[in-house]
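Computed from the coordinates by the stated procedures, all read-outs in this text should not be read as laboratory data. Because the structure is a prediction, the values reported are computed rather than measured. Here Cβ is always computed from backbone atoms with ideal geometry, including for glycine, and neighbour counts include all displayed protein chains.
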Amino acid sequence: MAKPSRRITLNDVARLSGVSYQTVSRVINSHPYVAQETRERVLAAIKKLDYHPNRAAKSLVTRRSHTIAIIAFGMAYYGPLQMLLNIESAAKAAGYDLIFSTVSEMSVQSFRDAIERLAGWHVDGIVAITPVCGCNTDELYVACGSTPLVLIDTCLGQHVPSVVIDQGYGSRLITRHVIELGHTAIAELSGPLHWYGAEARHSAWLQTMQEAGLTPGPSVAGDWSARSGYEGALALLKTGVRFSALVVGNDQMALGAVRALREHGLRVPEDVSVTGYDNLPEAAYFNPPLTTIWQDFSIVGQRSVEMLIDRIADPAAPAEQRVIYPRLIIRESTVPFQGW
């Protein structure tokens, strides 16, 4: 049996680079007072030796585990899942390991239970994806104790450490788009209204219609699924109220809605223009390609991790909410009003 190779140590790096082990330690810990030439020599030795710092030993010195926890709700849905994946990517790029804990309901008790499950890991901070109403934000921070917490996809306008996409802004963009195409009879298929994003999109649709002097058409709430979009469109058609445009809460529901409209002899977009929200990778390949709203989840991941690292370094830093604005993507599912 081959003898296991000896673990490379900090002293090995020091010998190869011709510096003291204290200097190697400063380079590993990104200490600012190291000459650039020396830093490059040490980094070259680390790469050549394939040296990996002993994180457990490092944590004894820094009292940090370099581990971030993500507590998440709604992983069955596109938005929260994309947020989680991008937080993971940004955290790893920043040198942090991750632990995940999901909750089946958005309540303070379920949040506390998730924190208890994480207790033994001594995490440096927590990012929580909280897209659904049901928790008092202050209670979430109390539940975390001294562990820094950053919220994602929470209610816009809260004065807590958080990163949010302005969902109302996106809804206004896409509603104005169909109004500018000459549509005045505009119906809506919203997401479930106990979600912050769905409620914000619905309220912005109503407000934009009213500001344009238009009477909002009928509205039905779905559950984000293509099935609920199909059933919701059928429910709208059963009202007997005509509409030439349909603003839908996400792309998956829009997919179901298009099928329902076609089954009733309506052409998309000639008879009814249809919009979505999220810009799924498949949205450009729908039939027709879907006009929708693009949300930059990579920026959500980057900014949430940056904010959390800042708060780990300085827990007393002022609370702020960083807002990200989505963008309208115009494709072939919306056209100017053709007349009745």
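Overview of results
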| quantity | calculated |
| --- | --- |
| Residues R176 and E306, FRET efficiency given R0 of 30 Å [Cβ-Cβ distance, rounded to 0.05] | 0.40 |
| Signed unit charges on C-beta, dipole axis of the chain, positive-most listed residue P148, P161, T67 | T67 |
| Aspartates and glutamates with Cα under 17 Å of K92, excluding same-chain neighbours fewer than 8 positions away | D124, E306, D310 |
| Rounded to the nearest 20 debye, dipole of the chain from Cβ charges on Lys, Arg, Asp, Glu | 1420 |
| The chain - share of DSSP beta bridges that are antiparallel (%, nearest 5) | 10 |
| All aspartates and glutamates inside 20 Å of K47 as judged from Cα atoms, apart from same-chain residues fewer than 8 positions distant | D12, E37 |
| Top of I329, I68, I126 by mean-square fluctuation, Gaussian network on the chain, Cα under 10 Å | I329 |
| Relative contact order, percent, region 102-157 [alpha-carbon distance under 8 Å, six or more residues apart] | 42 |
| Integer Hz, Karplus 6.51/-1.76/1.60 couplings in order for region 212-218, x for Gly and Pro | 7, x, 10, 8, x, x, x |
| Region 167-295, relative contact order in percent, only Cα pairs under 8 angstrom and at least six apart counted | 24 |
| Reach of K238 by Cα under 15 Å, taken over aspartates and glutamates that are not fewer than 8 positions away in the same chain | E188, E263 |
| Top of G249, G18, G229 by mean-square fluctuation, Gaussian network on the chain, Cα under 10 Å | G18 |
| Spacing of the two label points (7 Å from each Cα toward its C-beta) at D138 and T38, in nm | 5.0 |
| Length gained when the stretch Y285-D97 is fully extended (0.36 nm per residue, less Cα-Cα span) | 64.1 nm |
| Fully extended contour minus Cα-Cα distance, from L85 to F337, at 0.36 nm per residue | 86.8 nm |
| FRET efficiency, 1/(1 + (r/R0)^6) with R0 51 Å, evaluated for A317 and T215 via beta carbons | 0.60 |
| Net charge of Cβ neighbours under 13 Å - reference A143; Lys, Arg +1; Asp, Glu -1 | -2 |
| Cut-off 11 Å (backbone N to label point 7 Å along Cα→Cβ of L328), residues of region 145-164 | none |
| Ranked list, fewest to most other Cβ atoms within 10 Å of each Cβ, for T292, T215 | T215, T292 |
| Cα shape, the chain, gyration tensor, a/c 1.5 rule | prolate |
| Under-5 Å amide H pairs with A221, H placed in peptide plane, nonlocal only | S190 |
| Choice from H183, H202, H159 with maximal GNM fluctuation in the chain (Cα, 10 Å cutoff) | H159 |
